Structures are given as C-alpha cells and as structure tokens.
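The structure appears below as structure tokens.
The values are calculated or read from the model by the stated rules, or taken from the named source; none is laboratory data. A quick note: this is a predicted structure, and the numbers were derived from the prediction, not measured. No Cβ is skipped: glycine too gets one built from the backbone with ideal geometry, and neighbour counts run over all protein chains shown. Note: accessible area is taken over every heavy atom of the protein model, side chains too, but ligands, DNA and RNA are not part of it. Shrake-Rupley method; radii C 1.70, N 1.55, O 1.52, S 1.80 Å.
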Amino acid sequence: MAVYIPAHLTFLGPTEVDAAPETQALIEEHLAAAAAAHRPFHLHLRGTGTFRPVTQVVFVAVAAGISECERLAAAIRSGPLRRDLRYPYHPHVTVAHDVSKAALDTVFEQLARFEARFPIDGFTLYEHGVDGHWHPHRRFALASA
C-alpha cells in the first residue's frame, strides 16, 4: 500500500465527511485555526514498536514530540472533526501493516536502530482519490515561533 499512502504521522485517520463546499470550507477553517494555535516543534523518531496482537502493525516510534503531537491531534479532532477513537491516540509512523508475520518481524528487526530528527512546521490535509491514492489537498502551517 506504500504506493497509495505517502509516509506520514497521522493526527486524524481517514474520516468520511460531507463533500458539500460549505462543509469543506468549515473543515479547512477549523484546520487553519488548529494550526495557528500550535507552534512548530521537533520530532525525534527512534526504533520500532508494534501493536500486535491487537493489530498487525509495526511502526517507527516517536521518541520526542509526543505531547506536541497529542495536543495537535486533539485540536484537529474537535469541532467539525470531532471523532471518538477506537484506540487511544499514539503518534507513530506505520512501516508495515497487514503483511505476513515474517515480514512484520523482519521490518521490526531491520528498523530497530532507525533514528531521525526533524522539525514539524505544519500538516497536510489529504483526500482519497478515485484512483485509490491519497493526494495532498492543502498544507496548514503551524504558528510562527
């Protein structure tokens, strides 16, 4: 599925919304306000984790920037995008999902020493296209420092 889903850290998972222009405008205003209320931050990814046996997922773990992700995700999931979560929010970067146990184990081991640090200065709203791909629709910059 990597061909269809760009690498990302999710603040709000796939959410079906009304396609009416006024609804879309309301959502984009909400996202712009959420972005404006949060400052840029640094994200530190390190090592792997898994949600097994609950879901067949291996991910790269967020080592720093967790609370910033949690606050931003909560702001995004409010107002017109209020949603109940099936699981508690846990920022991460999925690297393997619903593949064989052997593939999950391999990815878990091969990325165990992975590490990256980079600034987060915004987020992007994606739309799911009829082609099955997720396409960037609009980027929202976080408030200036």
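Any idea how many residues of region 74-114 are surrounded by 12 or more Cβ atoms within 10 Å (Cβ to Cβ), under 30 Å from Leu142 (Cα atoms) and either touching a Gly at 6+ places or on another chain (Cβ under 9 Å) or acidic (Asp, Glu) (or both)?
Matching residues across region 74-114 total 5.
Restricting to region 4-21, name every residue that is within 22 Å of Ala116 (Cα to Cα) and either of a type in the set (Val, Ile, Thr) or buried (at least 16 other Cβ atoms within 10 Å of the Cβ) (or both).
Matches in region 4-21: Ile5, Leu9, Thr10, Phe11.
Just give me the residues in region 4-43 being touching a residue at least 24 places away in the same chain (Cβ under 8 Å) and over 21 Å from Ala75 (Cα atoms), in sequence order.
Scanning region 4-43 gives Tyr4, Ile5, Pro6, Ala7.
Please verify whether Gln24 is within 18 Å of Arg139 (Cβ to Cβ), surrounded by 14 or more Cβ atoms within 10 Å (Cβ to Cβ) and more than 16 Å from the chain's Cα centre (by Cα), treating the condition exactly as stated. So that I can check it myself, show each step before the final result.
Details: within 18 Å of Arg139 (Cβ to Cβ): yes; surrounded by 14 or more Cβ atoms within 10 Å (Cβ to Cβ): yes; more than 16 Å from the chain's Cα centre (by Cα): yes.
When the stated conditions are applied, Gln24 passes them.
Condition first: more than 17 Å from the chain's Cα centre (by Cα) and open to solvent by 60 Å² or more (accessible area, probe 1.4 Å). Now tell me which residues in region 40-49 satisfy that. Break it down into steps so the answer makes sense when it comes.
Kept after step one, since they are more than 17 Å from the chain's Cα centre (by Cα), are these residues of region 40-49: 47.
If the condition is that a residue be more than 17 Å from the chain's Cα centre (by Cα) and open to solvent by 60 Å² or more (accessible area, probe 1.4 Å), then no residue fits.
Quick check on region 1-52: of everything there that is closer than 13 Å to Tyr126 by Cβ and β-branched (Val, Ile, Thr), which residue is modelled with the highest pLDDT?
Only one residue fits best here, namely Ile27.
Look at region 52-72 and say how many of its residues are touching a residue at least 24 places away in the same chain (Cβ under 8 Å) and open to solvent by 50 Å² or more (accessible area, probe 1.4 Å).
Matching residues across region 52-72 total 6.
Under the condition of being of a type in the set (Phe, Trp, Tyr) and farther than 17 Å from Ala73 by Cα, which residue from region 115-145 is surrounded by the most Cβ atoms within 10 Å (Cβ to Cβ)?
Among them, the one singled out is Trp134.
Which of the following residues is closer than 18 Å to Gly13 by Cα and aliphatic (A, V, I, L, M): Leu85, Leu111? Break it down into steps so the answer makes sense when it comes.
On the way: Leu111 fails: closer than 18 Å to Gly13 by Cα.
Checking each option against the conditions leaves just Leu85.
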